[in-house]
Amino acid sequence: MTIYVIGGINQDIVATSDNHLRPGETLTGTSLAYYPGGKGANQAIAAARAGSSVTMIGCTGNDAFGTGLREYLAKSDVDISKVTVKEDVPTGTALIIVAKGENSIMVVLGANGQVTPESVQGIDFQSEDLVVAQFETPLETTLQAFEAARSVGAKTLLNPSPISGTIKQELLNATDVLVINEHEFTSIFNEPLDSLLNGKANRPGQFSGTLVITLGDKGVSTWDDDESIKQEGRNVDVLDSTGAGDCFMGYLASGLHEKQELRSAIKLANVAASISVTRAGAASSIPVREEVEKTLLG
């Protein structure tokens, strides 16, 4: 049984400041750090730290950033045999400003745009596998992998981030679990989230699978068929929220891969994400399973 993660592999360059930039403004930062990142890589590492067998499907440039990121994935127990290296294209890079516990991010996709449908051809998906994807790599590759996986009974999880509009219906139809935040809900379904959360509206009809909405410190709201599941947030001191959603996604994938009940998998993922925001960085902030289990027991 394997979790396949299709997605971005980025070098995160993180600057901290007392305030976020406004248009035309120059601020003096307080620190600068380099971290492994990319939504795909973060989610793959999270699933591996949760204890699952994980294979990364992605692409880096033939540069120093790419070399370091591939080594980091391998040391994190992620299989990188499906990560290709491209000449004459830079490794994906994310420029991140962190201020007051919140982040602003600009992503330059670079080699992530080279994750073509050929990247998933020849993969022999099995019914017990799980396929995870985001929006940092070409969507035609995700759709091909999802359809191939579902044809053998494997489960698909989609985290449509970063998002700039709606999602094609054929991709929604190929998705078993859709994990989104408040902004992504509004962008995809073009309707306010508050009405759904307050019970004044039904879940959107465009998607019939499991809908998971992350609400930051307010927790997680989930709709699975007619069942509504509410997971309360945890009160923690937030240092850096970068990668928290990816930590949640990777742990959720691992919980479902272990055949946990949905409610239990969501609780596991929520606790893992709450730990990650107390630390700096994205992949580097993701806790190991033992720490998450101790927090659950405490």
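Would you be able to say whether some residue in segment 163-172 is surrounded by 13 or more Cβ atoms within 10 Å (Cβ to Cβ), out of contact with any Asp or Glu (no Cβ under 9 Å at 6 or more places or on another chain) and over 25 Å from Leu256 (Cα atoms)? Give the steps one after another, and end with the answer.
As a first pass, look at segment 163-172 and keep what is surrounded by 13 or more Cβ atoms within 10 Å (Cβ to Cβ): 163, 166-167, 171-172.
With the extra rule that they be out of contact with any Asp or Glu (no Cβ under 9 Å at 6 or more places or on another chain), the set shrinks to 166-167, 171-172.
Okay, now just the ones that are also over 25 Å from Leu256 (Cα atoms), so 166.
Within segment 163-172, one or more residues are surrounded by 13 or more Cβ atoms within 10 Å (Cβ to Cβ), out of contact with any Asp or Glu (no Cβ under 9 Å at 6 or more places or on another chain) and over 25 Å from Leu256 (Cα atoms).
How do the strands (runs of 3 or more DSSP E) wholly within segment 50-134 filter down when requiring 1 or more residues that are touching a helix residue (DSSP H, G or I) at 6+ places or on another chain (Cβ under 8 Å) and in contact (Cβ under 8 Å) with a residue 12 or more places away in the chain: which remain?
The qualifying strands (runs of 3 or more DSSP E) are 54-61, 78-86, 92-99, 130-133.
Tell me the residue from Glu232, Glu261, Glu227, Glu290 that is exposed (fewer than 14 other Cβ atoms within 10 Å of the Cβ), touching a Gly at 6+ places or on another chain (Cβ under 6 Å) and of a type outside the set (A, V, I, L, M), please.
Numbers: Glu261 fails: touching a Gly at 6+ places or on another chain (Cβ under 6 Å); Glu227 fails: touching a Gly at 6+ places or on another chain (Cβ under 6 Å); Glu290 fails: touching a Gly at 6+ places or on another chain (Cβ under 6 Å).
Sole residue among the options that is exposed (fewer than 14 other Cβ atoms within 10 Å of the Cβ), touching a Gly at 6+ places or on another chain (Cβ under 6 Å) and of a type outside the set (A, V, I, L, M): Glu232.
Given the structure, is Phe135 among the aromatic types (Phe, Trp, Tyr), more than 18 Å from the chain's Cα centre (by Cα) and buried (at least 16 other Cβ atoms within 10 Å of the Cβ)?
When the stated conditions are applied, Phe135 does not pass them.
Exactly one of (1) buried (at least 19 other Cβ atoms within 10 Å of the Cβ); (2) of a type in the set (Asp, Glu); (3) more than 17 Å from Ala48 (Cα to Cα); (4) at pLDDT 95 or above is unmet by Asp129. Its number?
Just one mismatch for Asp129, condition (3).
Can we say Ile188 is buried (at least 21 other Cβ atoms within 10 Å of the Cβ), free of Cβ contacts under 8 Å to residues at least 60 places away in the same chain and in contact with a strand residue (DSSP E or B) (Cβ under 9 Å, 6 or more places away or on another chain)?
It is false that Ile188 is buried (at least 21 other Cβ atoms within 10 Å of the Cβ), free of Cβ contacts under 8 Å to residues at least 60 places away in the same chain and in contact with a strand residue (DSSP E or B) (Cβ under 9 Å, 6 or more places away or on another chain).
Show the residue pairs meeting these rules: Cβ distance below 6 Å; 6+ apart or different chains; first residue within segment 270-291 and over 21 Å from Gln11 (Cα atoms); second residue modelled with pLDDT under 90 and in a helix (DSSP H, G or I).
Val271/Thr295; Val271/Leu296
The values are calculated or read from the model by the stated rules, or taken from the named source; none is laboratory data. These numbers come from a predicted model, not from an experiment. Using ideal geometry, Cβ is built from the backbone for each residue, glycine included, and neighbour counts are taken over all protein chains shown.
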